[in-house]
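This report refers to the structure that appears directly beneath it.
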Amino acid sequence: MSTSPPIGERIVKCPACGKDSVYAASNPYRPFCSARCKGIDLGAWASEEFRVPAESPPDDDPFGDPKRQ
């Protein structure tokens, strides 16, 4: 007999710790497994650990120099 989750629920990996987490309305922390993991992720966003790398021009170059385009 398999132990599959009820209809409408899925088991996913917690993005913070990698443990199994129930992705359903019954889990108020979804997609995280706990309040702790949700807080860790929020802290990472607040401290700007998640950033998209961007190439910015050096400070001494004029912005939008047509010779460089």
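The values are calculated or read from the model by the stated rules, or taken from the named source; none is laboratory data. In this text, all values refer to a predicted model and were calculated from it rather than measured experimentally. In this analysis, Cβ positions are derived from the backbone assuming ideal geometry, glycine residues included, and neighbour counts consider all displayed protein chains. The protein model used for the area step is the full one, side chains on, heavy atoms only, and it has no ligands, DNA or RNA in it. Shrake-Rupley method; radii C 1.70, N 1.55, O 1.52, S 1.80 Å.
For residues that are modelled with pLDDT of 85 or more and in a loop (DSSP other than H, G, I, E, B), scanning just the range 40-60, find the one that is least open to solvent (accessible area, probe 1.4 Å). Ranking the candidates gives Ser47 first. Restricting attention to the range 6-17, the residues being in contact with a strand residue (DSSP E or B) (Cβ under 6 Å, 6 or more places away or on another chain), of a type in the set (D, E, K, R) and in a strand (DSSP E or B) number 1.
Restricting to the range 25-39, name every residue that is among the hydrophobic types (A, V, I, L, M, F, W, C) and surrounded by 15 or more Cβ atoms within 10 Å (Cβ to Cβ).
Keep residues of the range 25-39 that are among the hydrophobic types (A, V, I, L, M, F, W, C), which gives 25, 32-33, 35, 37.
Across the range 25-39, the qualifying residues are Phe32, Cys33, Cys37.
Just so you know, in the range 18-39 the residues that are among the charged types (D, E, K, R) and in a loop (DSSP other than H, G, I, E, B) include one that is nearest to Gly8 (Cα to Cα), and it is Arg30.
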